[in-house]
Every structure is written in C-alpha cells, then in structure tokens.
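Right, one structure below, let's go through it.
The values are calculated or read from the model by the stated rules, or taken from the named source; none is laboratory data. All values derive from a computational prediction rather than experimental measurement. Methodologically, a virtual Cβ is constructed for each residue, glycine included, from the backbone with ideal geometry; neighbour enumeration extends over all protein chains shown. Surface accessibility is based on the protein's heavy atoms, side chains included, excluding ligands, DNA and RNA. Shrake-Rupley method; radii C 1.70, N 1.55, O 1.52, S 1.80 Å.
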Amino acid sequence: MKVSMTVNGQQHTDDVEPRLLLAHYLRDVLGLKATNIGCDTTSCGACTVIVDGLSVKSCTVLAAQADGSQVTTLEGLAGPDGELHPMQKAFREEHGLQCGFCTPGMVMAAIGVLADNPDPSDREVREGLEGNLCRCTGYHNIVRAVRSAAQAGPAAGQVPQDQEVAR
Amino acid sequence: MIPGAFEYVRPGTVEEAVAALVEHGDDAKLIAGGHSLLPLMKLRLAMPAVLVDISRIPDLSYVRVEGDEVAIGAGTRHFELEKDDVARAEVPILPYAASQVGDPQVRHRGTLGGTVAHSDPASDLPTALLALGGSVVVQGPGGRRSIPMTEFWLGFYETALAEDEVVVEVRVPRTGSAGWAYEKFTRRANDWPIVAVAAVEGRVALANMAGAVVRATATEEALARGASIAEAAGLADEGTSPSSDMHADPEYRRHLARLLTRRALEKASGAGAAAA
Amino acid sequence: MSILGTRVVRTEDPLFLTRGATYTDDLVDDRLTGALHVTFVRSQVAHGRLLSVDTSAAREAPGVVAVYTAEDCADLAPIPAGLPMVPPAMQRPWLAQGKVRFVGDIVAVVLTEERYQGEDAAELVSVDIDPLPAVVTTADAAAGEVLLFEDAGTNVMATFGEPAPADFFSGCEVVVEQRMVNQRVAPVPLETRAAAAAWGDDGRVTIWCTNQGAQQAKGEIAGWLGMDPARVHLITPDVGGGFGAKIGADPEYAFTAWLAQRAGRPVRWTENRSENLVGMLHGRGQDQTVRIGGRRDGTIEAYSIAVDQDGGAYPRVGIILPTLTMLMAAATYAFPKVHAHGRALATNTTSIGAYRGAGRPEATAAVERAIDLFAAEIGMDPAEVRRKNLVPSFSEPHTTPSGATYDSGEYTAALEKALEAAGYDELRAEQARRRERGEARQLGIGLSTYVEITGADTGLGSAESAELEVHADGTATVLTGTSPHGQGHATAWAMLASDQTGIPVEKITVLHGDTDRIPRGGGTMGSRSLQQGGAAVHQAAVELVALAKQRAAERLEVDAADLELDLAGAGLAVRGTPGAGVTLAELAADEPLLVQTRFEAAAPTFPFGAHVAVVEVDVESGKAELQRLVAVDDAGTIVNPLLAEGQRHGGYAQGVAQALLEEVLYDADGNPQTSTLADYPFVSATELPSFELVDMATPTPINPLGAKGIGEAGTIGSTPAVHNAVIDAVAHLGVRHIDMPTTPMKVWRAIQQAQQGGSNA
C-alpha cells in the first residue's frame, strides 16, 4: 500500500507492506537510523518519535497508521546550522547519555514531557519518562537534563515543525 | 518482532467498518490506537487476516454531558480523557484512571473504545467504568444498541460485543463531586495493576481478580446495609477467582483486594475526595 | 592547570544526539550490500530429545534462501567447554543435536532476503521434541537424578575448594547461619545482540558485532571455526551497553561467518528482545550459605560462605564467578578466619556470564547480610558492628585470609562519611517514631561497606596497549585496546593525551574496536579500562613528548635538556628564549610522530566505599520504595568527575534493581517466565530517587594516574544497602531475612509468617 508522510520536514511517499512498523519504515526505508528498537512489547521507549505533536512508540504504530502525519525523529531536531535543540544541549551538558541507545527515544519523550508540562518537578519528569528505559545512567542525569532544558524556555518542549506552525 | 501479514482497510464511517466486519467475519480485527492489538500481533498471539483501522472515522472523539450522563466517544484517546475539563468536573474518576494507563506514549495512542473492547481484566479504565455503571453503545449491521456496563465484560478478552459490532460510545452517570478513588497496586509505575480497585458512590470494581473486571458485590451489599468500611472491605475478594502469576498468588491478590478496597473506600468517603 | 579532574562534556555526544550512534544494525557498508538476514529457530522446550526438525515448509516460504539444521554443519566441531576444570563432554553443538538443553537452544537457522521474511519462515520450521524432566535449580542439578550431559556423568561443571572443617566456628559465642539467594538477573543492555559478516576476495572474513572486546572475540571465533586468526577481521561499531554480557564471542556471532561463507553472500543478524532474554547470558545466579560467628560484644571471629553457582546449560564465564566471590569473601572486614568454597552446576536454563560486578557483588551481598544478621542476633546497631570489625586504615598492601592483597583502604572513614551524609542518628530516631506509632509506612535504613577488585587478571593479562599519533594539521589520534560502550573513553582518553601534549581534547580522535588497526587489546570489562587502558594512553603521551623532544632538539639544534613542554602551544619551547620552539604538528610534518606502547599493571586495585539506603515499606501491602541512596565510592584519583559520577549512577540503579525488582524466573519445566520486557521488571525512572553522592579519593600507588575502577562499584555497594534496608524496615515485626528481590508479596508473606510466630527464616 502507499503511505505518505512528512518526516523531519521532508515529504515521503512509499509503497509498503501494511504490516510495516513505523520504526522499520523510518530505519529501513528512509534510512533514519537514530530511532532504535529495544524491545517487542512497547516497554522500552527507545523507538519514541513525535507524530503530529505527540510522543509515540514507533514500534507499535504501523507506517499505515502514520499515513498523512508529521513525524519528527532525533535527526530532525538540530537546526540547519547544526545548532542543537535545547533538549539535545541539556542532555550533553548534564551527561544524560552513555551508550546512546535509549537516547534518541529518551530525547523525544523528554520533549513530549515538556510539551505537556513546561516546568516539571523531578517526580513529574520521572513519571513522564516512565515508558523509557535506560540501563546506563540510572536516570539521574536524564532527570537533571530535562529539568535544565525546561529552563531554556518553551522551545525545549517543541519540535522544529511546531515552531514553524507557531510562527 | 513483527506482525504476520494482513490486509489493511481504512473505513471512513462506522457503517463501512461494520460492513468490513460483516464481510470478513472472525478473520478481521478492528484497530484504533493499536496498543492492545499490535503487541499481541508482534508476539504472533493474534494473526488477523484483515485489519480494519477505525482511527480515521470522524466524530468518535468527544466528551459531553447529555442529561444525567456523560457520553464519551470510543475514539477518545486516553490523554484526551485525562485532560478533558468536562470529564474532570463530571466523572473525575475517569480522567484519573486514564492517567494511570501505561505511559505517556501509550496514552497518546490508546483509545477508550479499544480498552473497553479488549477486555483485559487488568485494565484501568474498564475497572473505573464498571464502578461507575452506565452502558457501552455499540453499532452493528442492525444499528445501535446499548449494553449495560455490568453485562459487557464476560471474561479474558471476551465481551458481549458481537463479531460484527463496533464500540462507538461509553455513557456513564455524572458523579460530580461525589467521593471516589482509584487504588492501583503495581511494582513499577507503568505496569499493569497486580490488583486495582475503583470506588465511587458505594460501588466498587476490581481489576485482575477474575477473568474480567468484576464488581465487589459483597462489599457493596455490606455498605448498603450500613457496615463499616473495614467490615465491607474485608469482603472485597468474595466471589472472585484471582489467578497466580510471578507477582502474586491468589492468597496475596485476595489480601490486596481487601486492603486496596479499604483504602479506596476511606479515600472516597474522605472530605472532598481529592485525587487518590 | 591540568585538564584532569575537570568536568569535560563528552566529545561523543554531538553525533550521538543528532544523528544517533552507529550500532551494528545501523551499519551501512558496501561490504554488506545484498546481505541476507539470519533468523535462528530456538527450542521452546527446556530439556528433551530432539526427534526431528522439518524445514520443508520453511524452505518454500517467500524470500527463503536456505534453512540449516545440525546435519548441515557437520564440518563444525562443537564449541569446547573452554575451561580446564569443566568435563570435556559439556561442549555445545552449533545447532542442537540429539538433545535440547534450554529454552533458547538453537535448532535451525533461516536465511532470507528480507528481515520480515525470516520470522515468517521460522514459524514454519516444525520441531519435534520428546520432553525430559528439566533441571531448573542448583538443587535439582546437585541431586544429579537428571543429567544434562549424560557422557559427563555429572551436572557439576566445576568445583572450587573444600567445605569448611567442622570445628571452624568452635569457640564462638554466637553463630548465625543463613541460606540466601543471589538471584539470576538479565543484563538487558538496550542494544540487543547483533552481528554481520562478509567475506572478501582475499579469503578473509570481516565480522561486525556488538561486543566489549574485539580482540578477545576475534580469537574465540577463529578458534571455534578452526580458522587462522589472521583471516578474521573483527569490528565492534558503537555498542549499546554491555554490562558484562557482551564479554567474549557468542556462538551466534561466529555462526554469521560460517553462514556467509556457506551462502556465498554477506549476512546480518539482529536479535529481538524476546530472543535476547533467553539467548544472551544472564548474570548472578548463586545459592549461598553463610555462617558468621563471634562474641556478644560484636567482635566477629569467623565467617564462611558456600556457593552453588548456577552455570546454565552450557559453560560460559559464569562458572568461574565463585572464584571471585571466594577471593573477596573477607570483604572490608578484619575477620581472623574466613572460609569459602563453591561449585558450578549445569541447569536447563540460559548460560550465566558476567554481569556488572561479576562475582564481587555476590560476595558483598552475602557478607553484608551476614553482618546484619549477626547484629540482629546480638542486638547491636549494624553500624556499630561494622565499626568494630572493619580493617583499619592502611596504605601498605593488606592481605586477607581469603587471599586478596588490597592496595589501599580507608573503610572506616568511608562508613563514617556515609553515615554523616545520611544523617544516620536522625534516621534511626524517625524510624523509632514510626514504629512507636505503628504506622503503615515504616522506615528502613540499610548499610553496606564494600571493597572490590578491579583490573583483575582473569586470564587475559593485566596489560593494555595504546598508540598516539600527532598529525601535521595539529590533530591527534589515539588507538586503544579498551572498548567503550557508554563509558566515555573518547573523551577521557583525549583528556589524558591532552594533559601531556597540550593538544586540545576536541582535536584528538580516539579509535577502538578494529582488530586490523588494533591487534592487541583487553577490552572493557572488570572496571579495568582507566587503570590499564587510560594508564597506557598516559604512558603513550609521555613517551611521545620524549620522542618529540629528541626530534625538536635536532631540528632546533639545542640540547634536549633545554627544551620544555609548551602546553598552551602544544609544542616544545627553548627555555629562556621566548618565541623559539616547535609545535608537535610541525614535527609531525617532517616525519610521522607516533608511539606505540603497552602499560603493564603491577597488580589490580581495590576500590571501596559505603552506602546508606533509606526505604519506606508499606507493611500492609509489603511494597518497598527506595527514598534515598547515599553513596561514598572511593576509586582513587578521578580523571573526569562527570563520567565517574555517571558510572556510579548507573551502577546504583542496577544494584537497586537487583535488591527490589529484577529476577529471571523459570517455571518447574524450565520455561522462562520473564522473556519480554513486559514481564521482566527492568527498573524504570519511577522506582528510583536521585542519588546522593559523597566524594572520597584515596589514590592507588599501582598506576601513575592513581586511579582505581569505578564501573561496577555502585552496583556492588547499593544492592546490599537496599536489601538490608527493606529487612530493617520490618525487623521490628520479627522478620529476620527476605531473599532478593524483595517483592511486595515476599515482604508481606515474611511479615505474616513472623507475626504468626517465630522467625520467617
């Protein structure tokens, strides 16, 4: 079947099997390999991307279900000049990543947390990230990164497409 | 893991969805958010030949007051229910229970109709709905019918829904400022409940104490005859048939049902019955 | 001022945060063009006679290029048991032959054109197994009624030492005995296992895989396949966590090379999580019996531990874990007598390997529980019992009765720091108040002190190689035999090189994990990297500067003694002659400026610390929640506090997870109950507090950096502190011991049993 969607601001149309998972569409068809797959059961959140302004686990969404959507992955966050998104910047400064495997999903989920609550407490960040597993950091610095990003203002809870819409 | 192959159809109306179900019979499965079905399909515990995607059908997502009831569209996603002002004012237990489902990403996708139709005995929203009472509105080839909440969930993944019917709406009584509580017991915040208890206006429902969500009828009867909370809660597991898994054996589940019922009733009877 | 000891943010991160790291499944490489996808068909039965494997339907499925069973790989010699103490009959066939021995044993392998076709075809392979009774526990295995390897005549994989003499505790006023479980856990690096293989026209195979040490994996794979190691080129791309489970090659990795040769096309394999949770090595898995004896004044006179190690179905590194547990049995204590012995046993379960700490957490968990049991028995505060028995401060080597020689230690100071930071006395007062009021939420305070061994020589030596080359454009390249997978070596090794040469960190590239470029290396495991690999980089930088001085002296026609390092200019300056000098880059333009070196560690080091955990236990439901974790971890000199703290945080989380949550479970037939992340209770952010870190740094004399290992310390210290805290919270109700993980049901039941009279243990 034919699916069309805008991924990181670029329009794509592809012929795919109905069962193709959005995560595999992004990785294997579009070659956007930042989005990782860490489990089979919608548990780990490594595959989190933003679809139409909401964080979702792309391993549990069919590409067909995302037909017509605006999708943002980790690759779509930094500015064209390479300037890091406030959440990316905060993850780096607070050492919120180690092996990096959960990171793309964690960063996207964290943007979702701030979209929902621009200035969360530690507890609220932890609850907001309950669907994203990390084995390396003990979450300590991830929580710090999200709270620090919140101080950067509303852009930390937005993806570039949102910002364009907002303008 | 990936699902087995299937044919995918995307009806534009409920009528078209029903027609697809009629055409394909038990080879077909409805999908909305897909957060109950797709995990089963990935583990190949479900292998439908046809997937009927009802998520694009317009006007299935709403929360509105209709007389003494609140009507909620089956396509309403958990996060929408969680944040809905009407729901918060009129049936506050529901948005709270919605906030307890899975994690934010799951709540962004999962729908009320989906969790109602799935009939997992450990689901949050059916437990709260069963305590509220009211009805599930379904549509089939012969039109719409209304199934009382107490008659809807029959067993594990089993409901009163016919093969060719679609859940279109849930109707619950307005409870306004009446006391309520939803007590969910988990090991980790985003787990399915080991046991959960919903209490509102003297009605009590239990998650994961039988093949489907069930009412704690002995507790409700005791409350009705004026028994103390402690006494009524002590009967919460009566008539249940809890299963055994790695988190809990039946004896422990029964204990949790009694404990959580006591806590839920205490909270629900407390002044103002603030969020649990 | 030196860059060492400062919080340098990681050079790895800009790429990781914008494009993502490149893990094995992400590889885009010409050599892998047209690669076939590998899908393994695994046994769903724990133990049984393999009667037949019918692949006919699978062969007809769309996209299937080949399906292989044991008959097809007769050219492959079974994978040997590998360790001299293990009966040779305990070898592993590549594909199950005659028998299956665990759920996850490979019975067939499918090659398909597309990823999705593999799962479809694997479903069509029909496997007929006649089930046998399963050996699920070490007790089953020891009983020996059912054998995994009939030819071995035993389920005992290895035996270490003899039981303690009968009179070992004679003379003790008090002796406490406890059997305890150090449960099997799943390492669960977020990146599952993955590999790819491609043969070149030169008859060499390139294997990419996710692993903690390319050189070791290459050697094993070549050995198993009977190949000249020179024909194997192994590359570890970015690795998404390991935690010990990616030490050494897995058979699947070697298999990709064989499959690529057989199929005449490159192949790639990425397992899914359900496969990972049965196929990748598990950790821990010890049944322990501890005895502790001493006087009622709190003096401990003797301690013994007996270990039954679950080895799983086929011997892997897990079977030597008892030796590390035994080596560290004496822990931080000045026990006059210590006895330890153990054995490893075969069961119809996933093989056990190393998991963060590997043998040392098991030693610490046992002794720290034993101390608390002893304290409870004599009615003394557990902090006081520890104070009375800790090894006093030492800066000269200290040899324990269990045979370890510790380099330096300040155990009492660590404990006092932790108690003070936690506010121990106030916590005890709050606990007393809650007990007095009979509150539902009771407070538990748990302590641990620990010492562990890092950089131990586990058979691969205790040396590490490093190469440093300065380029004419002012950049530099470091080649290291360590194998970072999250630890931040690219940053830390650049800091070490920069500290000596003045070349800015951002101009230094660190390369690892390619056996053609870096033939020698020990990988990253056992918290060895900084103290050996980092020390090697430091040594390379020192040697490079010395070499540069010679060259500069010739070029500038001055005496080398008149040259001094100009760190700001990354060059050498003539002392007393402003403006005269030469940069390292200019020297490199003349001729390659490069050194290769090898740092030989004289001994391992022994990091130590003390943790205090505060939990709340809902005594009505049994649920325990961690409120605080206060941790003193002394790993000697710190190169980059940001990275060291990150290692500690991650370690705590995994340690807490073992105490409270995580356990791999099997039913009585050997069926795994925790084979998805929906079932395996991987610790999430909501079960953890932010941690309270207390700094302490006692440099080691063992290496020029003064650094000890920090990778595993957090796990080792936190598990017993949290475990002790949970039991402490319900001790006033009569509970003496609860095995890990302290699940709500176990805690509730322990309270019920204690209340119904007598101790639960």
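Counting only residues that are within 27 Å of residue C:243 (Cα to Cα) and part of a loop (DSSP other than H, G, I, E, B), which one in segment C:168-200 is farthest from the other protein chains (Cβ to nearest Cβ)?
The qualifying residue farthest from the other protein chains (Cβ to nearest Cβ) is C:193.
Please work out if residue C:363 is assigned to a helix (DSSP H, G or I), open to solvent by 10 Å² or more (accessible area, probe 1.4 Å) and closer than 22 Å to residue C:721 by Cβ.
On the way: assigned to a helix (DSSP H, G or I): yes; open to solvent by 10 Å² or more (accessible area, probe 1.4 Å): no; closer than 22 Å to residue C:721 by Cβ: yes.
So residue C:363 fails the test.
Can you tell me which residue in segment C:105-136 is farthest from the other protein chains (Cβ to nearest Cβ), limited to those that are assigned to a loop (DSSP other than H, G, I, E, B) and open to solvent by 60 Å² or more (accessible area, probe 1.4 Å)?
Of the residues in segment C:105-136, the ones assigned to a loop (DSSP other than H, G, I, E, B) are C:105, C:113-114, C:124-125, C:132-136.
Of the ones still in play, those that are also open to solvent by 60 Å² or more (accessible area, probe 1.4 Å) are C:113-114, C:124, C:133.
Numbers: C:113: 13, C:114: 9, C:124: 11, C:133: 22 Å.
Filtering segment C:105-136 for residues that are assigned to a loop (DSSP other than H, G, I, E, B) and open to solvent by 60 Å² or more (accessible area, probe 1.4 Å), the one farthest from the other protein chains (Cβ to nearest Cβ) comes out as C:133.
Go through (1) open to solvent by 10 Å² or more (accessible area, probe 1.4 Å); (2) within 14 Å of chain B (Cβ to nearest Cβ); (3) among the β-branched types (Val, Ile, Thr) for residue C:742 and report which single condition fails.
(1)
In the list C:384, C:396, which residue meets the criterion of being assigned to a helix (DSSP H, G or I), out of contact with any helix residue (DSSP H, G or I) (no Cβ under 7 Å at 6 or more places or on another chain) and surrounded by fewer than 24 Cβ atoms within 10 Å (Cβ to Cβ)? Steps first, answer last, please.
Numbers: C:396 fails: assigned to a helix (DSSP H, G or I).
It is C:384.
Return the total of residues in segment C:706-737 being crowded, with 24+ Cβ neighbours inside 10 Å and farther than 23 Å from residue C:436 by Cβ.
Residues in segment C:706-737 being crowded, with 24+ Cβ neighbours inside 10 Å and farther than 23 Å from residue C:436 by Cβ: 17 in total.
Evaluate the following for residue C:325: is it surrounded by fewer than 23 Cβ atoms within 10 Å (Cβ to Cβ) and either over 24 Å from residue C:659 (Cβ atoms) or of a type outside the set (A, V, I, L, M) (or both)? Even if it seems obvious, please write down each step before you answer.
On the way: surrounded by fewer than 23 Cβ atoms within 10 Å (Cβ to Cβ): no; either over 24 Å from residue C:659 (Cβ atoms) or of a type outside the set (A, V, I, L, M) (or both): yes.
It is false that residue C:325 is surrounded by fewer than 23 Cβ atoms within 10 Å (Cβ to Cβ) and either over 24 Å from residue C:659 (Cβ atoms) or of a type outside the set (A, V, I, L, M) (or both).
Checking the condition assigned by TED's automatic domain parsing to the domain that holds residue C:652 and at pLDDT below 95, which residue from C:382, C:397 passes? Step through it out loud before you land on a result.
Details: C:382 fails: at pLDDT below 95.
That would be C:397, the only listed residue that is assigned by TED's automatic domain parsing to the domain that holds residue C:652 and at pLDDT below 95.
Could you list, in sequence order, all residues of segment C:193-206 that are open to solvent by less than 10 Å² (accessible area, probe 1.4 Å) and either of a type outside the set (D, E, K, R) or free of Cβ contacts under 8 Å to residues at least 24 places away in the same chain (or both)? Steps first, answer last, please.
Step one: of segment C:193-206, the residues open to solvent by less than 10 Å² (accessible area, probe 1.4 Å) are C:193-198, C:205.
If the condition is that a residue be open to solvent by less than 10 Å² (accessible area, probe 1.4 Å) and either of a type outside the set (D, E, K, R) or free of Cβ contacts under 8 Å to residues at least 24 places away in the same chain (or both), then C:194, C:195, C:196, C:197, C:198, C:205 are the ones that fit.
Could you please find all residues in segment B:185-206 being more than 12 Å from every other protein chain (Cβ to nearest Cβ) and open to solvent by 10 Å² or more (accessible area, probe 1.4 Å)?
B:201, B:202, B:203
For segment B:224-253, name all the residues that are within 12 Å of chain C (Cβ to nearest Cβ), open to solvent by 70 Å² or more (accessible area, probe 1.4 Å) and either over 27 Å from residue C:661 (Cβ atoms) or charged (D, E, K, R) (or both).
Scanning segment B:224-253 gives a single hit, B:251.
When you go through C:674, C:700 one by one, which is the residue that is in contact with a strand residue (DSSP E or B) (Cβ under 8 Å, 6 or more places away or on another chain) and surrounded by 19 or more Cβ atoms within 10 Å (Cβ to Cβ)? Write out each step before concluding.
On the way: C:674 fails: in contact with a strand residue (DSSP E or B) (Cβ under 8 Å, 6 or more places away or on another chain).
Within the list C:674, C:700, the selection yields C:700.
Residues being out of contact with any helix residue (DSSP H, G or I) (no Cβ under 7 Å at 6 or more places or on another chain), surrounded by 16 or more Cβ atoms within 10 Å (Cβ to Cβ) and closer than 22 Å to residue B:25 by Cβ: count how many of those fall in segment B:137-151.
2
Which pairs do you get when a residue that is under 24 Å from residue C:39 (Cβ atoms), found in segment C:124-145, comes within reach of a residue that is of a type in the set (S, T, N, Q) and open to solvent by less than 30 Å² (accessible area, probe 1.4 Å), reach meaning Cβ atoms under 6 angstrom, with the pair 6+ apart or on two chains?
From residues that are under 24 Å from residue C:39 (Cβ atoms), the pairs are C:125/C:55.
Residue check, residue C:592 against (1) at pLDDT 95 or above; (2) crowded, with 18+ Cβ neighbours inside 10 Å; (3) not charged (D, E, K, R), all met but one. Which one?
Residue C:592 satisfies every listed condition except (2).
Quick one: which helices (runs of 4 or more DSSP H) lie wholly within segment B:1-102 and hold at least 2 residues that are farther than 30 Å from residue B:174 by Cβ and at pLDDT 95 or above? Before the answer, list the steps.
Working: elements: B:14-24, B:37-42, B:78-83, B:85-90, B:93-99.
Hits in segment B:1-102: B:14-24, B:37-42.
Kindly provide the set of residues from segment C:216-249 that are crowded, with 24+ Cβ neighbours inside 10 Å, away from chain A (no Cβ under 14 Å) and within 22 Å of residue C:527 (Cβ to Cβ), ordered by number.
C:217, C:247, C:249
Out of curiosity, is residue C:338 at pLDDT below 95 and either crowded, with 24+ Cβ neighbours inside 10 Å or not small (Gly, Ala, Ser) (or both)? Steps first, answer last, please.
Details: at pLDDT below 95: no; either crowded, with 24+ Cβ neighbours inside 10 Å or not small (Gly, Ala, Ser) (or both): yes.
In short, no.
For segment C:682-701, which residues satisfy the criterion of being touching a Ser or Thr at 6+ places or on another chain (Cβ under 8 Å) and at the interface with chain B (Cβ under 10 Å from one of its Cβ atoms)?
First, pick out the residues of segment C:682-701 that are touching a Ser or Thr at 6+ places or on another chain (Cβ under 8 Å): C:682, C:697-701.
Passing the criteria: only C:682.
Which of (1) open to solvent by less than 60 Å² (accessible area, probe 1.4 Å); (2) assigned to a loop (DSSP other than H, G, I, E, B); (3) not hydroxyl-bearing (Ser, Thr, Tyr) is the odd one out, the single condition residue C:165 does not satisfy?
(1)
Any idea how many residues of segment C:10-61 are among the hydroxyl-bearing types (Ser, Thr, Tyr) and closer than 21 Å to residue C:513 by Cβ? Outline the logic, then answer.
We begin by selecting, within segment C:10-61, every residue among the hydroxyl-bearing types (Ser, Thr, Tyr); these are C:11, C:18, C:22-24, C:33, C:39, C:43, C:52, C:55-56.
Still in the list and also closer than 21 Å to residue C:513 by Cβ: C:11, C:22-24.
Total meeting the criteria: 4.
Say whether the condition of being under 27 Å from the mean Cα position of the chain (by Cα) and in the same structural domain as residue C:702 (by TED's automatic domain parsing) is met by at least one residue in segment C:418-437.
Initial filter on segment C:418-437 (under 27 Å from the mean Cα position of the chain (by Cα)): C:418.
Still in the list and also in the same structural domain as residue C:702 (by TED's automatic domain parsing): C:418.
Yes.
From the list C:652, C:666, C:680, pick out the single residue that is open to solvent by less than 10 Å² (accessible area, probe 1.4 Å) and either over 27 Å from residue C:606 (Cα atoms) or free of Cβ contacts under 8 Å to residues at least 40 places away in the same chain (or both).
On the way: C:652 fails: either over 27 Å from residue C:606 (Cα atoms) or free of Cβ contacts under 8 Å to residues at least 40 places away in the same chain (or both); C:666 fails: open to solvent by less than 10 Å² (accessible area, probe 1.4 Å).
None of the others qualify; the one that does is C:680.
Name the residue that is nearest to the other protein chains (Cβ to nearest Cβ), counting only residues in segment A:1-18 that are among the polar types (S, T, N, Q) and more than 18 Å from the chain's Cα centre (by Cα). Walk me through it before giving the result.
The initial filter retains those residues of segment A:1-18 that are among the polar types (S, T, N, Q), namely A:4, A:6, A:8, A:10-11, A:13.
Filter again for more than 18 Å from the chain's Cα centre (by Cα), leaving A:4, A:11, A:13.
Numbers: A:4: 13, A:11: 20, A:13: 16 Å.
The selected residue is A:4.
Evaluate the following for residue A:145: is it open to solvent by less than 10 Å² (accessible area, probe 1.4 Å) and in contact (Cβ under 8 Å) with a residue 40 or more places away in the chain? Write out each step before concluding.
Values: open to solvent by less than 10 Å² (accessible area, probe 1.4 Å): yes; in contact (Cβ under 8 Å) with a residue 40 or more places away in the chain: yes.
Yes, satisfied.
Would you mind stating whether residue C:704 is under 30 Å from residue C:645 (Cβ atoms) and out of contact with any Leu (no Cβ under 9 Å at 6 or more places or on another chain)? Walk me through how you get there before you give the answer.
Details: under 30 Å from residue C:645 (Cβ atoms): yes; out of contact with any Leu (no Cβ under 9 Å at 6 or more places or on another chain): yes.
Against the criterion (under 30 Å from residue C:645 (Cβ atoms) and out of contact with any Leu (no Cβ under 9 Å at 6 or more places or on another chain)), residue C:704 qualifies.
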